[in-house]
Amino acid sequence: MKKTINTDPSTKVDRKTIERNRRIHMKALCFKLASLIPPHYLKHTKEMISQQDQLDMAASYIRNLRDKLEKLKGKKEEAMRWKETKSNNGHNEMLRADQNVLVGSNLPLLELRDLGSSIEVMLISGLNKTFMLYELITVVEEEGAEVVSASFSTVGDKIFHTIHAQVKISRVGVETSRVYQRLYDLITPFQSLEYF
């Protein structure tokens, strides 16, 4: 049985075109995946990050999200058991102690949103874990942003701090991963070692 060799130049061009289109498509997908990773999660370097490193970071970020999801599911189940116990038992003192453990375990929470030419910082803490708002403002301003508004409010046993800031020099911008890390370091003495 003889094999026929296709020497038609149009098939070679088609294969090359198909392969080029496939590579372009894969590159676009890798770029989209890398853009979904939050800036504070990326290892900040001045050099370009290779595509393989971007994929590794995305995989690591997904594993991290899975771990967080499992922890949150566990906390949800614990809260549901607590709620069920609360409705079935009249032991209010014991339940209040359990409630404080559940509520306090995930505070303080820090969230930083990069909105292009501005950033938003939100910090939620408990009443017994207070932060000085001026310390948060100082960190944001030292990193090259001008605070437009800052506020806090107390709701129940939580304090909500919110800071809105604009970039002072748009060409330079604000390194959000550095701002996040400095704010996290500021609140770490008051927080457990668990990182959300």
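The values are calculated or read from the model by the stated rules, or taken from the named source; none is laboratory data. Every value quoted in this text rests on a predicted model; they were computed, and no experiment measured them. Here the Cβ positions follow ideal geometry from the backbone for every residue, glycine too, while neighbour counts run over all protein chains shown. SASA here: full protein model, heavy atoms, side chains in, ligands and nucleic acids out. Shrake-Rupley method; radii C 1.70, N 1.55, O 1.52, S 1.80 Å.
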Point to revise | Environment charge at residue 162 (Cβ cut-off 13 Å; Lys +1, Arg +1, Asp -1, Glu -1) | key: 0
Check your understanding: Once the Cβ-Cβ distance between residue 111 and residue 56 is put in as r, and R0 is 25 Å, what FRET efficiency do you end up with, to the nearest 0.05?
Key -> 0.50
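For the stretch 109-187, how big is Rg over Rh, using alpha carbon atoms and the Kirkwood form of Rh?
Ratio of gyration radius to Kirkwood radius for the stretch 109-187: 0.97.
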Review point. When ligands, DNA and RNA are left out and all protein chains stay put, how many square angstrom of accessible area per residue does the stretch 109-187 have with a 1.4 Å probe?
Key: 55
Study note, to complete from the structure: Neighbours of residue 22 by Cβ distance under 14 Å: Lys/Arg at +1, Asp/Glu at -1, summed charge +3
Exercise for review: Within the set of other residues whose C-beta is less than 13 Å from the C-beta of residue 35, count the net charge using Lys and Arg as +1 and Asp and Glu as -1.
Suggested key: +1
Point to revise | Within the accessible area of the stretch 15-68 (1.4 Å probe), percent carbon and sulfur | key: 59
Study note, to complete from the structure: Using alpha-carbon coordinates alone, the radius of gyration and Dmax of the stretch 15-68 in Å work out to 13.5, 44
